[in-house]
Amino acid sequence: MRREPLIRRVRFMRRRAGAAAVSIRVRDLAQVFNSLDPSPFWDRDLAPEAAEFIEGEFRDKLSARLWHLHVHTREGGALAADLQPALEHYYERLAVSARRRLRDEIRYGQLALLGGIAIFLLSMTARGVLSQILGAAVPRLLDEGLIILAWLALWRPAESLVYGWIPLFRERRLYERLAAIRVSVRVEEAHSGAPPLEGTPKPVAAVAKGDEREAV
């Protein structure tokens, strides 16, 4: 028997006045939380599958000023008020980690560049000394090898400083935006034999920052 996905996508996105909204469905709201996390609800992690889905949906929506996440569930309505702080805590922690990695990447790139400059100068100096001592008798392989070594010593640090930080910067920005997302939860009344989306959703909790808007 084919297992039904834990989280199913309901709506892709809405852009209205600079806002992007994504709706997801879970059978039980407890599925959104990490079942192995012993922390209190307000301080607990998201389930890896839920976090991966949320990040994937919002990754290409950075141009929207506000992000809204609408969660539809049939069970676990008592956990609705815990979802917003849990999501904030989870992504704030990831944002701090991403900022640390970005800072380390830049620092290591700078140190590597200093080392590369030193190797470049030593290689060019050695090439000049050999040219003065041996003149035209300097082996071609040695001469070209020193040139290649000098430029390779600069290439990797320069690439790291120019391009290496960009993926980490985008990751940090994504986590910071997700930590500020607005979350609303709706519990759908169960109707035996009815399609999953039929029935009037019953609002249970809408935990949001600032002005709250339902887009269901």
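Please tell me if residue 156 is in a helix (DSSP H, G or I), closer than 27 Å to residue 57 by Cα, touching a residue at least 12 places away in the same chain (Cβ under 8 Å) and within 26 Å of the chain's Cα centre (by Cα). Against the criterion (in a helix (DSSP H, G or I), closer than 27 Å to residue 57 by Cα, touching a residue at least 12 places away in the same chain (Cβ under 8 Å) and within 26 Å of the chain's Cα centre (by Cα)), residue 156 does not qualify.
Anything in segment 80-96 that is touching a residue at least 24 places away in the same chain (Cβ under 8 Å) and out of contact with any Asp or Glu (no Cβ under 9 Å at 6 or more places or on another chain)? List them, or say none.
Let us first name the residues in segment 80-96 that are touching a residue at least 24 places away in the same chain (Cβ under 8 Å), namely 80-92, 94-95.
Hits for segment 80-96 are 80, 81, 82, 83, 84, 87, 88.
Set side by side, the residues 178, 141 differ, and just one is at pLDDT 85 or above, assigned to a helix (DSSP H, G or I) and of a type outside the set (Asp, Glu), which is 178.
The values are calculated or read from the model by the stated rules, or taken from the named source; none is laboratory data. These numbers were taken from a predicted model, which means no experiment stands behind them. As a convention, Cβ positions derive from the backbone with ideal geometry for all residues, glycine included, and neighbour counts pool all protein chains shown.
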